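See below for the structure under consideration.
The values are calculated or read from the model by the stated rules, or taken from the named source; none is laboratory data. For clarity, every value in this text was computed on a predicted model and none was experimentally measured. We place every Cβ from the backbone using ideal geometry, glycine too, and count neighbours over all the protein chains shown. SASA here: full protein model, heavy atoms, side chains in, ligands and nucleic acids out. Shrake-Rupley method; radii C 1.70, N 1.55, O 1.52, S 1.80 Å.
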Amino acid sequence: MTAVTKPSDEHVPDPAPNNGHANGHEEHESDDGEDDGVQDAATGDAKKKKKKKKPKKKKAVQSDPPRIGLSKFFPNGHYPEGEIQEYKDDNSYRTTSEEKRYLEKLAQEDPDTTYENIRRGAEVHRLVRQHARKHIRPGMTMTEIVENIEDGTRALVEESGLESGVGFPTGVSLNECAAHYTPNAGDTVVLKSSDVLKVDIGVHVRGRILDSAFTLNFEPTYDELLAAVKDATNTGIREAGIDVRLGEVGAAIQETMESYEVHIGSKTLQVKSIENLSGHSIDLYQIHGKKSVQLIKNDDQTKMEEGEYFAIETFGSTGRGRVIESGDCSHYARVPNVPQVPIRLTSAKALLRTINKNFGTLPFCRRYLDRVGETKYLLALNSLVRDGIVNDYPPLCDQKGAMTAQFEHTILLRPTVKEVVSRGDDY
């Protein structure tokens with residue numbers, strides 16, 4: 001989700017294809033017993049004794065669409081590690097430092113800081129997006145697309161209140177709309193072959209949010225736009241690291257992004273970094289942490305720090321490279337640590353109780369309120385926004401006729417190495 005401004009098979013209990021990611025684990029079933037002759041001590045007659053039945057291992061296979069919870073495939077709770085990148089320059093010592101390895105061991109042993117939570121979310125994300133990328137086609141409604149993704153997320157992560165579930169509303173922003181669009185009830189928008197579709201999916205486990213996004217197009221006109229944004233995101237990931245200044249990452253992203261051009265008929269358009277969108281740090285139960293990774297050169301001297309999680313996301317545009325709020329709002333989130341303010345509307349008080357119970361500070365959308373049984377809530381919701389208790393996040397759009405693209409990964413700045421947790425075979 002956007003702020004404004006080789007997978008390894010280590011830890012996998014039963015390795016399977018796809019570099020250790022979840023295809024299945026093994027269950028036991030019995031072979032036919034075999035007889036073995038033994039001699040009776042009293043009579044000397046040979047009697048037959050059946051051998052103990054040997055267990056035969058059988059692989060369980062994920063369903064299509066994926067709907068079987070991951071605990072069935074990873075019963076020991078160890079999930080695949082993401083892509084590992086070693087730190088550079090002054091931090092290269094970390095890879096072999098015994099002290100830093102010990103810090104990682106302590107983190108893994110603490111249920112509140114273990115990396116298994118974010119890795120579980122990442123494995124859910126890989127499976128859900130694999131199915132989505134295969135099945136999203138022109139002619140589908142936006143509602144069909146997001147419901148398939150969110151049904152898969154809830155099933156695979158084994159949704160359980162605020163313990164695990166969807167990390168934020170699935171974004172399916174189209175064309176000039178770069179971010180923060182998901183369909184509200186009654187939305188009838190249909191995907192067209194000429195569309196450029198951004199798919200932004202969130203998964204959380206114990207409040208640790210996995211945030212990753214990709215872009216789909218269905219004809220070659222904007223292939224270079226997608227290539228530019230993917231390259232820029234990978235540049236941001238490569239440059240990110242402990243003690244790296246955020247402004248330096250932004251400069252590298254912009255340089256990569258704006259080295260690309262898109263050719264449309266006789267026109268040649270430079271791909272621009274969207275200057276007022278950014279990546280961001282991710283805190284527990286808060287998708288937007290306090291740090292922003294801008295997509296352009298800037299003077300931010302803030303440093304990335306050990307142990308932090310970041311969503312490195314970039315947006316490119318063929319338009320002006322700047323977005324404004326436009327269209328009906330669908331995304332909302334309760335403000336963390338909001339001061340006590342008087343709430344006059346009884347309906348607003350009741351709605352806030354629903355939000356606290358079901359979402360806490362995790363982002364939600366109107367469809368999610370519909371899903372938990374809320375009706376006729378817009379007046380109350382707008383009241384909570386006006387009172388500063390809930391933030392609204394309207395769609396963010398470039399100029400009409402522009403095309404925008406997005407790619408995003410979640411990275412973890414471990415003491416010894418940088419882990420691109422959401423990396424997969426696809427992007």
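Annotations for the structure displayed:
- Accessible surface, per residue, of the chain when the full set of protein chains is kept, probe 1.4 Å, Å²: 47
- The stretch 103-142 and the stretch 269-316 have Cα centres spaced 20 Å apart.
- Whole-number percent relative contact order across the stretch 331-393, with pairs defined as alpha carbons under 8 Å at least 6 apart: 58
- Three-way shape call for the stretch 331-393 based on the alpha-carbon gyration tensor, with the a/c threshold at 1.5: oblate
- Within the same chain, aspartates and glutamates fewer than 8 places from LYS58 are excluded, and of the rest, those with a Cα less than 16 Å from its Cα are ASP14, GLU26, GLU27, GLU29, ASP31, ASP32.
- Cα lying deepest toward the dipole's positive end in the chain, options TYR368, THR113, PHE73, charges on Cβ: TYR368
- Summary of the geometry: the stretch 193-268 and the stretch 324-391, compared by the centres of their Cα atoms, lie 31 Å apart.
- Just the protein heavy atoms count here, and of the accessible area of the chain at 1.4 Å, carbon and sulfur take up 46 percent.
- Violating pairs (Cα-Cα greater than 32 angstrom) within the set LYS105/LYS291; LYS105/LYS134; LYS230/LYS400; LYS72/LYS357: LYS105/LYS134
- When the charge dipole of the chain is built from unit charges on Cβ atoms (+1 for Lys and Arg, -1 for Asp and Glu) and taken about the Cα centre, the candidate among LEU412, TYR377, ALA3 whose Cα reaches farthest toward its positive end is TYR377.
- Theoretical FRET efficiency, 1/(1+(r/R0)^6), r = Cβ-Cβ of GLN340 and GLU306, R0 35 Å, to 0.05: 0.50
- Around the Cα centre of the chain, unit charges on the Cβ atoms of Lys, Arg, Asp and Glu (plus for the first two, minus for the last two) sum to a dipole of about 1120 debye.
- Summed over qualifying helices (DSSP H, 4 residues or more, each -39500 (n - 2.57)) and divided by its residue number, the chain shows a 222 nm mean residue ellipticity of -7500 deg cm²/dmol.
- Matching label, Kirkwood radius over Cα pairs in Å computed from the structure shown, candidates (i) 22.5; (ii) 23.2; (iii) 26.9: (ii)
- Restriction of the trypsin sites (Lys or Arg not before Pro) in the stretch 372-410 to DSSP coil positions whose beta-carbon has at most 15 other beta-carbons within 10 angstrom yields LYS376, LYS400.
- Each of GLN340, CYS329, VAL293 was scored by the projection of its Cα onto the charge dipole of the stretch 273-342, and the greatest displacement toward the positive side belongs to CYS329; charges sit on the C-beta of Lys, Arg, Asp and Glu.
- In a reduced charge model with +1 at each Lys and Arg Cβ and -1 at each Asp and Glu Cβ, the stretch 331-393 shows a dipole moment near 140 debye about its Cα centre.
- Our estimate of slack between ALA227 and ASP243, defined as 0.36 nm per intervening residue step minus the Cα-Cα distance, is 2.9 nm.
- Distance between the pseudo-spin-label points of ASN391 and SER194 (7 Å out from Cα toward the beta carbon): 3.6 nm.
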